[in-house]
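For reference, the structure discussed in these notes is given below.
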Amino acid sequence: MASTDITNVLLSGVGGQGILTAGRLLALAALHRGLDVKMSEVHGMSQRGGNVDTHVRLGETVPSSLIPRGGAHFLVSFEKLEALRYLDYLRPDGVAFVNRLEISPLTVAIKQPSYVDDVDGLLEQKAPLLLWIDGTEMARTLGDLRMVNVILLGALSTRLPALAEADWEAAIAERFAKPKVREAVGAAFLKGVEACPAP
């Protein structure tokens with residue numbers, strides 16, 4: 001990676017989906033690669049199901065932690081509406097990884113009868129490149145819905161050449177000390193890799 005190259009990854013979703021953990025795992029993998037990493041977490045009303053986003057920027061030298069609108073190479077969204085909310089952060093050649101999940105915001109649940117109409121169509125129309133990931137269903141087959149975040153990182157890893165498999169393995173080993181948990185996380189990561197073959 002040239003010194004001028006910075007890769008910007010924006011993760012978005014709602015509170016409780018493990019977005020912050022995913023961002024930290026991505027940052028750890030980049031550190032194991034020897035890259036400079038800057039990360040910014042916006043919690044919002046995360047404990048009440050509000051939106052959460054995490055900016056992760058990696059490269060030889062990264063001057064700041066916030067990704068400008070139109071500057072993200074990758075958007076990794078844990079929920080469809082949150083993907084739609086952050087699409088304008090993507091570059092014209094950016095890639096959106098979107099979990100096939102709908103969580104109605106509190107305002108929708110209270111004041112409106114339905115979720116956003118045709119959110120799938122809007123995403124497919126507006127995203128430069130959209131990759132649907134059935135993360136929730138894959139996590140269900142693994143017996144642990146908390147693994148959606150790692151599944152999405154596995155999918156992201158197929159398009160992120162700056163990081164090697166060994167970097168992800170080292171990050172998982174550092175972040176998850178218990179062998180059984182580490183094994184489960186590794187299996188979830190592999191599910192995401194298999195769901196999104198590299199181009």
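Data table
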item: J(HN,Hα) series, segment 86-99, from Karplus relation 6.51 cos²θ - 1.76 cosθ + 1.60, nearest Hz, glycine and proline x; result: 10, 4, 6, 7, 6, 5, x, 9, x, 10, 10, 9, 10, 6
item: Placed amide H near Leu129: partners under 5 Å, 5+ positions off or other chain; result: Ala96
item: Under 28 Å between alpha carbons - lysine pairs in the chain that sit 8 or more apart or on different chains; result: 11
item: ³J(HN,Hα), Karplus 6.51/-1.76/1.60, whole Hz, each residue of segment 51-68, x for Gly, Pro; result: 6, 10, 9, 10, 9, 10, 10, 9, x, 5, 9, 10, x, 8, 9, 9, 8, x
item: DSSP-defined beta bridges in the chain - what % are antiparallel, rounded to 5; result: 55 percent
item: Gyration tensor (alpha-carbon) shape descriptor, segment 145-199, a/c threshold 1.5; result: oblate
item: Whether segment 54-199 is rounded, prolate or oblate, judged on the alpha carbon gyration tensor where a/c under 1.5 counts as rounded; result: oblate
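Read-outs throughout are calculated quantities, based only on the coordinates presented, and are distinct from any laboratory measurement. Nothing here was measured: the structure is a model prediction, and the numbers come from that model.
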